[in-house]
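Input: a single structure, listed below in structure tokens.
Derivation of every value follows stated rules applied to the coordinates shown; laboratory data play no part. Quantities reported herein were computed from a predicted structural model and do not represent experimental measurements. Cβ placement follows ideal geometry from the backbone for every residue including glycine, while neighbour counts extend to all protein chains displayed.
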Amino acid sequence: MLTEQNLKKIEEIKKRYPTAKAALLPTLWIAQEQYGWISQETMKEVASLLILPYGHVLGVVSFYSMFYDKPIGKYHLQVCTNVSCQLLGSEKIVDYLSKKCGTKIGETSVDAKYTLSEVECLGSCGTAPMMQINDEYYENLTKEKIDHILLRSK
Amino acid sequence: MDESPKYLLPDIPNLHHLDVYERHGGYAAFRKALAMRPEEIIDEVKRSGLRGRGGACFPTGLKWSFMPKETPKTKYLCINGDEGEPGTFKDRQILQYNPHALIEGTLIAAYAMGVAVCYTYIRGEYTRWIKLFQKALDDAYAKGYVGRNILGTSFSTEIYLHKGAGAYICGEESALMNSIEGDRGYPRVKPPFPAQLGLWGCPTTINNVETIANVPIILLNGGDSYSKVGAPKLPGNILYGLSGHVNRPGVYELPTGILLTDLIHRYAGGVPGNKKIKAVIPGGSSTPVIRGDQVEGLRMEPESLKSVGSAVGTAGVIVMDEDTDLVKVLLRLTKFYYHESCGQCTPCREGTGWMWRILKRINDGDGKPSDIDMLVEVANNIEGNTICALGDAAAWPVQSFMKCFRDEFDNRVKPSASVSVPVAAEAFAEH
């Protein structure tokens, strides 16, 4: 269940829009922050909260790449491999991370510590290659830098 | 290096703090605007010649004038900060270093169009910049610049931050509106245009972050003065994003119409190892590629780039040196559009996948000579046949890479299997 505090937050957000449906994305963000991902139960909970069909919520969750419909690792390594990063070696970054974290692209390591994803342009083209770990950007990546970052990810 | 005056990203430390922004003349343009009639502001913006910085270069004043003056409906303004075009990383600089210019521009635009509610849509990945912008917005609210009866006038407008959730297509203005309404980011058929039927069926205008950040300076110095900066067809300063094979990548605020060679060599420090330039994408991944030998003399303005079949787009310049494998580059670009196609229109949904698969087999060494023509044919059948411009944006890279670098792709496909198989037999196999 969404916490009392989060329910209050959602009520406040609803006031910003003329329809409850418009609060769907913000509500899903709050739900994902609380649960770590968005399960079918969560989608049903959100649907009844905003008086929306469950199918609509499912449709929206599945459309947006940042809503997770399955659990992810503690650290979500999202490597940009689009052109500007590609030109500066993002492929090698992916290979190196894959080896270091013991996981393939799109998969989560056995200990559920790392999920490795290849993502589209994150707007860091001038500081390529880069990756995002959870909410943080890590730019101008090198193998040494990655070693350092992973050492700190306990 | 001679520097032209900067107003989008001036070298002022802590400009993102409201008091620093105010000390440097911040919100003076908004105060000036509040003493003007709304039509006068729209005329001033029209006179400035300001064009949208989101990639389409649409005249901003004209766009604002489409909003109905008399309407019983609520009017809305959306600020598009769903920056996601590969090679583009400029709006985040404004959110980080000069968020109050964006808020001030939003307020002026809202006043000029009689807008009651503004939504600033920022891509979900920009967590850091969302926090920075929200802080600036909270400060502006606390100081009475936003909200009810602003600065003691009868003008009221709200600004809300709306966080995206990972979809390039939401940068398309009608998809952005659907996303705000709580739907999948599907672009809408136009007409009706947003100024008639936008958010919740009400008049709506959508402007890019950088476009709106230009508005305060236009009000302060006047449209005429603004129109004299840079290229006449696209006046003002613009945030150039330099990425790829350059020594000093980054965002540079300079007048429009600058020489592409100056941007690459003088500002971005040239190509590492003094290598030759093989290709340049001048305005974000959706603008057609140009060959290195075409760069000399080109200016970053619409007419000059049109002469080589390209466009200014978002001014995100991607430089590729002589060692770049262009098959790989195009494969990656095509994968992007395949991934980001919303799936509404068949030519784009299917075509982007076909183009990706054809390029994949060419890259893997399994391509046939006929694949290249097929690739172009698929691109030609997407272009112009979709609801929104993503289809065109997916087709243009393929078409332009084939126009400029066909040899490189031809060299990668196997000599035809017909060398060992009789022509008739191959034709039969094709069916």
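Odds and ends about this structure:
- Gyration tensor verdict on the range B:288-398 (Cα atoms; rounded if a/c is under 1.5, prolate if a/b is larger than b/c, oblate otherwise): oblate
- D_trans [Stokes-Einstein, Kirkwood Rh over alpha-carbon pairs] for the protein assembly as shown, 25 °C, 0.890 mPa s, µm² s⁻¹: 98
- Euclidean distance of C-alpha centroids, the range B:116-166 and the range B:247-287, integer Å: 34
- Toward the positive end of the charge dipole of chain B, with +1 on the Cβ of Lys and Arg and -1 on the Cβ of Asp and Glu, the farthest Cα among B:Pro5, B:Tyr338, B:Gly244 is that of B:Pro5.
- Per residue, chain B reaches -12000 deg cm²/dmol at 222 nm when only DSSP H runs of four or more residues are counted, each adding -39500 (n - 2.57).
- Euclidean distance of C-alpha centroids, the range A:24-69 and the range A:86-140, integer Å: 26
- Proximal aspartates and glutamates to A:Lys154, defined as alpha-carbon separation beneath 17 angstrom and excluding residues fewer than eight positions away on the same chain: A:Asp111, A:Asp135, A:Glu136
- Ranked A:Val57, B:Val20, B:Val189, criterion: other C-beta atoms within 10 Å, fewest first: B:Val189, B:Val20, A:Val57
- Placed amide H near B:Tyr160: partners under 5 Å, 5+ positions off or other chain: B:Cys118, B:Tyr119, B:Thr120
- Shape category assigned to chain B from the gyration tensor of Cα positions, a/c cut at 1.5: prolate
- Cα-based reach from B:Lys368 at 29 Å (exclusive), listing lysines while leaving out same-chain residues under 8 positions away: A:Lys92, B:Lys278, B:Lys328, B:Lys335, B:Lys360, B:Lys403, B:Lys414
- Positive-end ranking of A:Leu116, A:Ile30, A:Leu50 along the dipole of the range A:21-132, with charges on Cβ about the Cα centre, is headed by A:Leu116.
- In a reduced charge model with +1 at each Lys and Arg Cβ and -1 at each Asp and Glu Cβ, the range B:67-176 shows a dipole moment near 280 debye about its Cα centre.
- Sum of -39500 (n - 2.57) over DSSP H runs of 4+, divided by residues of chain A (222 nm, nearest 500): -13500 deg cm²/dmol
- Each Lys and Arg Cβ is given +1 and each Asp and Glu Cβ -1; about its Cα centre, the protein assembly as shown then shows a dipole of about 820 debye.
- Filter on A:Lys145/B:Lys6; B:Lys90/B:Lys190; B:Lys46/B:Lys75; B:Lys228/B:Lys276 - keep pairs with C-alpha separation over 25 Å: A:Lys145/B:Lys6; B:Lys90/B:Lys190; B:Lys228/B:Lys276
- Of all segments of chain B bounded by GluC sites (Glu not before Pro) found in a DSSP loop with no more than 10 other C-beta atoms within 10 Å, the longest spans B:71-295.
- Dipole axis of chain B (+1 Lys, Arg; -1 Asp, Glu on Cβ), positive-most option in B:Val215, B:Gly171, B:Phe58: B:Val215
- Within chain B, percent of DSSP bridges classed antiparallel, to nearest 5: 45
- Taking a ≥ b ≥ c as the square roots of the Cα gyration tensor eigenvalues, the range B:73-207 comes out oblate, since a/c reaches at least 1.5 and a/b does not exceed b/c.
- As a length-normalised measure over Cα pairs under 8 Å and 6 or more apart, the relative contact order of chain B settles at 15 percent.
- Charge dipole (Cα centre; +1 on Lys/Arg Cβ, -1 on Asp/Glu Cβ; no other charges) of the range B:101-260 amounts to roughly 180 debye.
- Fraction of antiparallel bridges per DSSP, chain A only, in percent to nearest 5: 55
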